[in-house]
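Student: So that we are looking at the same thing, I have put the structure below in structure tokens.
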Amino acid sequence: MTFEEYQKLSRKTAIYPKIGKKFIYPLLGLAGETGEVFEKFKKLFRDQKGKLNKDFLEMIKLELGDILWYLANLCSDLGISFEEVAKKNLEKVFDRKNRKKLKGSGDLR
């Protein structure tokens, strides 16, 4: 499946409450789901001493899928191609790699 296909299919399940601009709902969902991933990892370290297991990885797959869904729909609401976002990101990081700028901070390094 391509990012474009995923973006189109995810749109078929996008039902938002009326809370202002369309992009607000997936933006808030993206933040919430990201927090859930962090929580699961926090508990992994707290309860399992950081040891990954099959059940944990299956849970994380579901949470990462939710992040993917919100990201795809945020792109749709903003009129941005999800596939183009992925391509541009790889162009950016490979450019940084080629210039030996992967480490450090700042968006425009």
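Coordinate-derived values only; no laboratory data. Fair warning: this is a prediction, and the values are worked out from it, not measured in the lab.
Student: Note the count of lysine pairs whose C-alpha atoms are less than 18 angstrom apart in region 3-80, limited to pairs 8 or more residues apart or on different chains.
Tutor: Count of close lysine pairs: 13.
Student: Taking each full run of DSSP H in the chain as one helix, which ones are at least 15 Å long along their axis (Cα atoms) and have mean Kyte-Doolittle hydropathy of at least -0.5?
Tutor: Once both thresholds are applied, what remains is 24-48, 54-78.
Student: Tell me the label only: which of (i) 18, 15, 13; (ii) 30, 15, 12; (iii) 25, 24, 14 is semi-axes √(5λ) of the Cα gyration tensor in Å as calculated from this structure?
Tutor: (iii)
Student: Let me ask something else. Could you tell me how far the Cα centroid of region 15-48 sits from the Cα centroid of region 87-109, in Å?
Tutor: 27
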